[in-house]
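Here's the structure we're looking at; comments come further down.
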Amino acid sequence: MPHVVVEYSANLEPAIDIAALVREVHGAVLASGVFELGAVRTRAERRDVFVIADGDPDNGFVHVDLRIAPGRDAVTRKRVAQGVLDAVATATREVFARSGLGISVELREIDNTAALRLNNLHERMTAKGLGKRAAP
């Protein structure tokens with residue numbers, strides 16, 4: 001873990017490089033130093049149907065949903081979320097300056113009762129010489 005989903009309004013695509021935004025968010029999660037390199041999975045979900053505030057079609061949003069395994073204290077969770085918010089704010093500052101834009105980040109712990117996982121990413125990162133932890 002974590003699973004990171006960058007949800008965004010489709011009207012942002014002309015103004016923001018979404019792939020670059022995803023890389024920035026991924027980098028912020030890794031830079032926190034909290035998660036193993038092979039555990040971080042980041043992706044984007046475009047939303048074509050949305051109404052924001054007064055319905056102005058220029059209004060947009062970016063919401064980042066981080067789902068992590070349980071066990072980190074509140075201070076650590078807040079630090080990770082703030083780092084991601086800062087990365088999104090930096091990546092979207094030009095759009096933010098000229099149009100309505102809502103940015104939000106939510107970090108939630110996964111209930112491990114029925115959360116099943118199978119991956120070989122940790123071993124592959126080690127084999128590539130990248131180790132378990134990302135550089136802070």
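Against the definition (among the charged types (D, E, K, R), exposed (fewer than 15 other Cβ atoms within 10 Å of the Cβ) and farther than 21 Å from Gly102 by Cβ), how does Arg23 come out, yes or no?
Judged against the criteria, Arg23 is a match.
Would you check which residues across the stretch 37-63 are touching a helix residue (DSSP H, G or I) at 6+ places or on another chain (Cβ under 6 Å), part of a strand (DSSP E or B) and either surrounded by fewer than 20 Cβ atoms within 10 Å (Cβ to Cβ) or at pLDDT below 95 (or both) and list them?
Residues satisfying the conditions are Ala44, Arg46.
Provide a single number: the residues in the stretch 1-20 that are surrounded by fewer than 20 Cβ atoms within 10 Å (Cβ to Cβ) and among the β-branched types (Val, Ile, Thr).
Of the residues in the stretch 1-20, 3 are surrounded by fewer than 20 Cβ atoms within 10 Å (Cβ to Cβ) and among the β-branched types (Val, Ile, Thr).
How many residues are surrounded by 17 or more Cβ atoms within 10 Å (Cβ to Cβ) and not in a helix (DSSP H, G or I) if we restrict to the stretch 73-96?
Final tally of qualifying residues: 1.
The values are calculated or read from the model by the stated rules, or taken from the named source; none is laboratory data. Just so it is clear, the model here is predicted, and its values are computed rather than measured. Positions of Cβ are backbone-derived with ideal geometry, glycine not excepted, and every protein chain shown enters the neighbour counts.
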